[in-house]
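To start, the structure itself, in structure tokens.
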Amino acid sequence: MSAQAEFDVREHVTSIIDGEPTGARRPGLDFPIINPASEEPNGVLREADAAEVDAAVRSARQAFETGPWPRMGADQRKAIFRSMHDALHSHREELEYLDSLDTGVPITQVRAMHVERAAYNFEFFGEVLSQDSGEVYTQNPNFLTYATREPAGVGAMMAPWNAPIPLASMRVATCIAFGNTCVLKPSEYTPRSMQRMVEIFHEAGLPPGVVNLVNGRGPVTGTALVAHPEVDMVGFTGGSETGKIIMSEAGKSLKPVLLELGGKSANIIHESANMDRALDGALLGIFSSNGQQCLAGSRILVQRSIAREFIERFVERARKLRIGDPLNAATEIGPLCYENHMKRVLGYADLAREEGAKVLLGGGRPAEFERGWFVEPTAVLAKDNSARVCQEEIFGPFATFLEFHDLDEALMIANESQFGLVAYLWSQDLNVAMRATRELRAGTVWVNTPMFRELRAPFGGCKQSGIGRDGARGSLEFFTEPKTVSIPLADFPMLKMGS
Ligand code: NAD
């Protein structure tokens, strides 16, 4: 049933330091890479210990202090970004295959979202870096004062497993665009496309040392990287609890952090919505990528007047979702990424029952699969917003419904959350849309659309969904240091001391 491997899938994943794979020449712990659809090991990951992390950071430091990258003209750097964009495109099918293989996300969805987006990250930030200019202050007639933006140094860039190529490429592109160098630590569960991506960057002309790659578990490899004294800043995409650990570790040496964290986003279906489109959007919002998306519309708030019809139609459609091998083009729901994650998601179905929610669909493992970390598309109607299934990020194909009476109540429920990443609203009524977009506390509000990403605009979360913003201005501000220079226009009388 599965599409067979058309690509040479490397068995061993190691670090890449100074543009070269470290291979098996260093001692270290090996971990199996496991196919989530078959539960079979299909590769080996060599974990980078503190010594290997140190070598990677030193390579990035040297490339920053003496290498060509921070010193080259913007046009030259932009040309290399363009070539990285082209190289990602020309290896598109291979990278899509590896992302689907490791994550379990259906290949059709990976094709729609992953490599195209990653390539665009380099095209877009190539433009941003070439447009950057400083500020000039001429208000004081005796001085010319100007401010430039200097690269901030060596970045520790960390990425999660749910969409390795788009998310890790975002961390890398935003960091190195402005002349910085970095060490990337992707998730230990999905290292394969990351290894190829970093190799492809070098084939495209990126100088050695600008992007180094280390692999391993968070508390081992990740901690060594964040704590390293030669790291100047930390960019992290991952869970909120990990974000807190990283921020406190980085805080010990006052390293600035950019945190793109989790969410439990409200998807408000107002009675004025175009119901067909809202239905399509709600299904995509929670079931695409197997529900493993930070910006999933996982708390679906439906106005009582339309709730019965909307929920019935949602459940009917969700029941028809095709579960299966992620490499099969017909599959809509693949396996979850790793075993403990599947168990965690299933635990929320038990919890929903204990909390008195009505289980409308699913809640278990699909009976037709003997192997694979599959979870049935699940939908529950919670008793109220204080339930844990309404407050905690589940990160699986698990929709939690709540009903509301009017817009006031919908907005109150939506904002009663520790998270504030995104919010969705479906309504054809302009007044409803205008009020909701003002009052929703979230980094992004999507009206009548699921998940539209505009890279020029800020993206990030408030509350426990993050700190800082990706985007043209947000990334420039985080990854550069302003430097102010003042020069007198003529000699001026100075106070003479000791004369
Ligand atoms: P995670 O926090 O477990 O891991 C993310 C990365 O941090 C991995 O590389 C991991 O190895 C590393 N890590 C884990 N513990 C660490 C530690 N103590 N020190 C240093 N590094 C450590 O997240 P995950 O399970 O890989 O990804 C899912 C989470 O990511 C979800 O919460 C999701 O909402 C979030 N996410 C956020 C965004 C966003 O843009 N806001 C995008 C995608 C995913």
Rounded if a/c under 1.5, otherwise prolate or oblate - region 299-399, Cα gyration tensor axes = oblate
ask   = Between rounded, prolate and oblate, where does region 360-477 land on the alpha carbon gyration tensor, with a ≥ b ≥ c its root eigenvalues, rounded for a/c under 1.5, else prolate if a/b exceeds b/c?
value = oblate
key: Lysine pairs with alpha-carbon atoms under 19 Å apart, the chain, spacing 8 or more or separate chains   = 10
key: Order of TRP426, TRP373 - criterion: other Cβ atoms within 10 Å of each residue's Cβ, fewest first   = TRP373, TRP426
query = Which of VAL422, VAL447, VAL172 comes first, and how do the rest follow, when ranked by fewest Cβ neighbours within 10 Å?
reply = VAL447, VAL422, VAL172
query = Under a Cβ-Cβ cut-off of 12 Å, what is the net charge of the residues other than ALA227 that fall near it, where Lys and Arg count +1 and Asp and Glu count -1?
reply = -1
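Can you tell me the order of 398-405, 33-40 when each peptide is scored by its average per-residue count of other Cβ atoms within 10 angstrom, highest first? Mind showing how you got there, number by number?
On the way: 398-405: 23.0, 33-40: 18.8.
Result, highest mean Cβ count within 10 Å first: 398-405, 33-40.
So if each residue of separation counts as 0.36 nm, and I subtract the Cα-Cα distance between ASN42 and PHE143, what length gain in nm does that give? Provide the component values of the computation, followed by the final result.
Values: separation 101, 0.36 × 101 = 36.36 nm, distance 6.50 nm.
Length difference between fully extended and current span is 29.9 nm.
Please work out the FRET efficiency for the pair ARG319 and SER253, using the Cβ-Cβ distance as r and a Förster radius of 56 Å; give the result to the nearest 0.05. Write down the numbers at each step before the final one.
Values: r = 52 Å, r/R0 = 0.93.
Once rounded, the FRET efficiency stands at 0.60.
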query = Helix 50-65 sits at what angle to the longest principal axis of the chain, using alpha carbons and giving 0 to 90 degrees rounded to 10?
reply = 50
Percent of Cα pairs exceeding the 37 Å cut-off, where the set is the chain = 31
ask   = Label 7 Å along Cα→Cβ of ASP408; region 419-445 residues with amide nitrogen under 19 Å?
value = 431-441
key: In nm, spacing of pseudo-spin labels at PHE492 and THR66 (7 Å Cα→C-beta vector)   = 4.0
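Considering only the other residues whose Cβ falls under 11 Å of the Cβ of MET170, what net charge follows from Lys and Arg at +1 and Asp and Glu at -1? All intermediate terms of the calculation are to be shown ahead of the outcome.
Working: positive: ARG117, ARG171, ARG453; negative: GLU260, ASP470.
It works out to a net charge of +1.
If I take R0 = 22 Å and measure r between the Cβ atoms of VAL9 and HIS89 in this structure, what FRET efficiency does the formula 1/(1 + (r/R0)^6) give, to the nearest 0.05?
On the way: r = 20 Å, r/R0 = 0.93.
Efficiency computed from Cβ-Cβ geometry: 0.60.
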inquiry  = Using a 10 Å cut-off around each Cβ, can you sort ARG435, ARG171 from fewest to most neighbouring Cβ atoms?
reply    = ARG435, ARG171
request  = Be a star and scan region 182-209 for residues whose amide nitrogen sits under 16 Å from the point 7 Å along the Cα-to-Cβ vector of ALA79.
outcome  = 204-207
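Each value in this text was obtained by applying a stated rule to the coordinates, not by laboratory testing. Not measured: the values here are computed from a predicted model. Every residue, glycine among them, receives a Cβ derived from its backbone with ideal geometry; neighbour counts consider all protein chains shown.
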